[in-house]
Structure formats: C-alpha cells, structure tokens
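So the structure is just underneath, and the comments pick up after that.
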C-alpha cells in the first residue's frame, strides 16, 4: 500500500515540476487569441487528376496527387505534449484545424517526418489511419505507429526510398534537426521527403534548421513545403530555420512554388505569431511564388505546368 502511495506522490511531484518549468519557460512567449481557420477546404469535391494541396495547420498538409491522398505529420489535437494522468502538458493550439480528421479520410499515405509530439500525435493518427493506409516514417519510429494498424509501415533512413503500390515514390531527405520523442529515444530519426508520381514532384522538408537542399533540385519539384517558424531565441536556430533561411532553401530546390508550414498554429518560441510570414514575404524575390493564403486555402494545378497560375478553389 505504501509503495503505491509513494509511486503516486512521485508521479505527482514530476507533474508539478514539469508544469512549473514549462510555465517559466513560456512566460514571455506570445499569447494569441484562439481563432478559426481562415478557410474550410472541400476535399470531397477534389477530382482524380492534378495536384491539390491545403495547409491544415502547423506541419499538417493534405495533398492529393492524381487521386492519391497524402497527409503529412497529422496533428489535429487542441494541445500536444506529454500526457500524464489523463492530462496533456504542452503547447495549445491557437488556430483551429482547417479540417476535422474525418474530412481528410480516406487517407492513402501518411508521411511522418519525426517523432516530436507536435508532428507525431497519437490521437490524430488514430482518427486518420485505417487498415488501408500506408505509413512512411523515420528510422527507429515505426513501433510508435503500429498500434494504429496501418496496412503497411515503411521505415526509411535519409537517402532511402520506396515505391508504393499506388505508384507513389517516396524518398527520404536528410535535414538538420533532432528526433527523440523522449530524452532516452536517441535512436530515432528525422527527415523530409520527396514525393513523386508521374510528372509530379513535391518536397516536404518536415522540420529543419538551415540545410543545403541543392540535391533536391534534380527531382524538379513543383511544390516545396518548408517550415518558417519557431526560431527565437537564437539558439532555437540550431533546430529551426528562419524565414530568410527557408527562402534560401526554397531557392536551392528550384521548386516553382513554396507553401510555408510550421508557423502560426502552436506557440513554440518567442517570435510573434505573424512574424514568420511577414519576414518571408519581405525577403521573397518573387512574392507570387509563395502560397501565403490563410489556413485551409486549397491550391490546385491540373498539370505540372499549371502550378504557376496559383489557382485556389475555396
């Protein structure tokens, strides 16, 4: 009996210490008001041809390439972080997801860049993965996903690739970040992906600090999904690129369009929530290359050459 009480008290102490440290760390961070997504996509009306892409929030992008539906780093939860005694301790969402998980289904492929809790969220995965979904994830992380019973799990290391039965080719791309879900998970990988099908090519950078992406240009991507937030204070740049660095990386890929991700969803750092996009647009030499619509804006191109038209459908 006393052993059980002692364990319970120890857990309670850990919770209290974690909460106090978290509050102290974030006391000077922005505290934006909660708001809905700017637009509501309608994937149920998407056709079987062309490229559709909509930013749901943070690093979650719903894409459809010639009828194949892909979801990157699915996170729909109100709060992400460590779950203890039924409570989640971590950042709270200030912009609602542009879609509910059920509106994204059926999802053919889920791409997971790494195991951080704002990128690999179990409640969200539970809602979007079915027995027909294929998951591609980073090295050392597949065990986290198996509980959701996807059709197949492909665990890749940087530079490795896989061709799925649906015809998608997925290649893992090295980035500068870190992958541990907990301090003792040092073996977990982290990466971005190049997604190819027919003439289409999309680069998803995941989460990254400044990285040389010149090697991506050989895949001739039409679209690049690159993070732009969580860089302040300065030491955070060891894991997260600035907007200016994001633009430089986009230029290196020679992609035609940039869809900025990893900003204005969770407060993960000190910079104002609207600063990353302002800085990105200020540095962009061609503003029309940046897809800067609010959460939920859907971009569409019927053919790879049509992506230059910046067509939105909602």
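The values are calculated or read from the model by the stated rules, or taken from the named source; none is laboratory data. The shown structure was predicted, so the numbers you read here are calculated from the model rather than taken from an experiment. FYI the Cβ positions are ideal-geometry reconstructions off the backbone, even for glycines, and counts take in every protein chain you see.
Out of all the residues in the stretch 280-314, which are within 20 Å of the chain's Cα centre (by Cα), over 16 Å from residue 256 (Cα atoms) and surrounded by fewer than 19 Cβ atoms within 10 Å (Cβ to Cβ)?
293, 294
Which residues, taken from the stretch 77-101, are in contact with a helix residue (DSSP H, G or I) (Cβ under 7 Å, 6 or more places away or on another chain) and free of Cβ contacts under 8 Å to residues at least 60 places away in the same chain?
Result: 77, 101.
Could you grab me the full set of residues in the stretch 247-270 that are touching a helix residue (DSSP H, G or I) at 6+ places or on another chain (Cβ under 9 Å) and under 21 Å from residue 63 (Cα atoms)?
Passing the criteria: 250, 253, 254, 255, 256, 257, 258, 260, 262, 263, 264.
Do we find a residue being part of a strand (DSSP E or B) and without any contact (Cβ under 8 Å) to a residue 60 or more places away in the chain anywhere in the stretch 180-195? Give the derivation first.
From the stretch 180-195, those part of a strand (DSSP E or B) are 192-195; that's our starting set.
Of the ones still in play, those that are also without any contact (Cβ under 8 Å) to a residue 60 or more places away in the chain are 194.
Looking for residues that are part of a strand (DSSP E or B) and without any contact (Cβ under 8 Å) to a residue 60 or more places away in the chain, one finds at least one in the stretch 180-195, hence yes.
Within the stretch 113-133, is even one residue in a strand (DSSP E or B), touching a residue at least 24 places away in the same chain (Cβ under 8 Å) and more than 25 Å from residue 187 (Cα to Cα)?
Filtering the stretch 113-133 for residues in a strand (DSSP E or B) gives none.
The answer is no, given that none of the residues of the stretch 113-133 is in a strand (DSSP E or B), touching a residue at least 24 places away in the same chain (Cβ under 8 Å) and more than 25 Å from residue 187 (Cα to Cα).
Filter the stretch 232-252 for residues that are outside any helix (DSSP H, G or I) and over 20 Å from residue 203 (Cβ atoms); which is nearest to the chain's Cα centre (by Cα)? Explain how you work it out, then say what you get.
The initial filter retains those residues of the stretch 232-252 that are outside any helix (DSSP H, G or I), namely 232-233, 239-242.
Filter again for over 20 Å from residue 203 (Cβ atoms), leaving 232-233.
On the way: 232: 19, 233: 21 Å.
Residue satisfying both the conditions and the ranking: 232.
Let's see how each residue does on (1) over 20 Å from residue 204 (Cβ atoms); (2) outside the structural domain of residue 50 (by TED's automatic domain parsing); (3) in a loop (DSSP other than H, G, I, E, B):
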{"residue": "260", "(1), (2), (3)": "no, no, no"}
{"residue": "264", "(1), (2), (3)": "no, no, yes"}
{"residue": "270", "(1), (2), (3)": "yes, no, yes"}
{"residue": "273", "(1), (2), (3)": "yes, no, yes"}
{"residue": "276", "(1), (2), (3)": "no, no, no"}
{"residue": "292", "(1), (2), (3)": "no, no, yes"}
{"residue": "299", "(1), (2), (3)": "no, no, no"}
{"residue": "307", "(1), (2), (3)": "no, no, no"}
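Looking only at the stretch 149-161, which residues are under 20 Å from the mean Cα position of the chain (by Cα) and assigned to a strand (DSSP E or B)?
153, 154, 155, 156, 161
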